[in-house]
Ligand code: ADP
Ligand code: 5GP
């Protein structure tokens with residue numbers, strides 16, 4: 001059986017990554033969303049084990065010591081990390097995996113696994129990003145400013161990604177992500193069994 005591929009989606013907080021991924025998972029039910037560990041507090045509606053594995057700093061450090069993370073990083077005062085085991089299990093079962101991670105983590109994964117496909121997701125404008133962060137209503141004005149500052153740094157790395165998707169409408173962004181995944185599976189390297197069998 002062919003192994004699944006890993007896709008990274010990075011982009012500023014509030015751009016709509018979770019929203020777009022939820023819709024993408026409905027379109028591609030076999031896609032495995034990697035549930036990260038984090039030390040930040042759950043937002044209203046977030047469920048432990050579904051949106052994140054919420055834990056305190058000691059538990060997070062314990063997992064670092066056990067080498068349980070494919071990557072981890074600090075982001076605006078909290079730790080976030082990708083549990084290695086579930087990603088590998090899904091890929092070995094032939095499922096594509098999607099990681100919603102920020103830029104430092106993306107760099108770590110690509111250092112270890114250069115075949116990973118990286119997608120940057122952008123808002124249509126800065127004012128729209130600020131509007132979405134404010135409208136979400138989950139962060140204090142101070143946190144929103146920190147996230148917007150961080151977004152400027154993130155944008156400077158966007159050109160290093162394999163793809164750049166603009167989340168203007170959710171439907172269009174999902175369509176582009178879906179197309180990228182399909183195209184990545186049409187590469188000759190993915191189809192060597194057929195090529196060598198002819
Ligand atoms: P992220 O996961 O990137 O931090 P969210 O998915 O939480 O972002 O989205 C932030 C806010 O923007 C939410 O209130 C969401 O409903 C809204 N949103 C997401 N995508 C769009 C879009 N294409 N148009 C308008 N609002 C959007
Ligand atoms: P939020 O607090 O808004 O859910 O996420 C903040 C940032 O952390 C986002 O850019 C998100 O992509 C990133 N993030 C979420 N999980 C991980 C992870 O496991 N590793 C890394 N490096 N970043 C993550």
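Quick note: the coordinates plus some simple rules give every number you see, no bench work behind them. On a predicted model such as this, the values are computed, not experimentally measured, just so you know. Don't worry about glycine lacking a Cβ; one is built from the backbone with ideal geometry, like all the others, and counts go over all protein chains shown.
Between residue 153 and residue 30, the modelled labels are 3.9 nm apart [label points 7 Å from Cα along Cα→Cβ]. For a label point 7 angstrom out from the Cα of residue 78 toward its Cβ, which stretches of the stretch 94-108 have the backbone nitrogen within less than 15 Å? Only 100-102 fall inside the zone, counting backbone N under 15 Å. Each label was represented as a point 7 Å from its Cα along the Cα-to-Cβ direction; for residue 65 and residue 48 these points are 2.1 nm apart. Semi-axes of the equivalent ellipsoid for the stretch 1-93, computed as √(5λ) from the eigenvalues of its C-alpha gyration tensor and ordered from largest down, come to 22, 19, 12 Å.
Round to the nearest 0.05 the FRET efficiency obtained for residue 92 and residue 22 when R0 = 30 Å and r is the Cβ-Cβ distance. With R0 = 30 Å, the Cβ-Cβ based efficiency is 0.75.
According to the Cα-based calculation, Rg over Rh for the stretch 110-195 is 1.09, with Rh computed by the Kirkwood formula. Over the chain, dividing the summed -39,500 (n - 2.57) contributions of all DSSP H runs of at least 4 residues by the number of residues returns a 222 nm mean residue ellipticity of -13000 deg cm²/dmol.
The slack between residue 162 and residue 112, meaning 0.36 nm per residue of separation minus the straight C-alpha distance, is 16.3 nm.
Could you calculate, for the stretch 1-155, the ratio of the Cα radius of gyration to the Kirkwood radius, expressed as Rg to Rh? Rg/Rh: 0.95. Please compute the contact order of the stretch 6-196 in relative form: average sequence separation of alpha-carbon pairs under 8 Å and at least six residues apart, divided by the residue count, as a percent. For the stretch 6-196, the relative contact order is 31 percent. Sorting 101-109, 162-170 by their mean Cβ neighbour count within 10 Å, with the most densely packed peptide first, gives 101-109, 162-170.
By DSSP, what percent of the beta bridges with both residues in the chain are antiparallel, rounded to the nearest 5? Among the beta bridges of the chain, antiparallel pairing accounts for roughly 30 percent.
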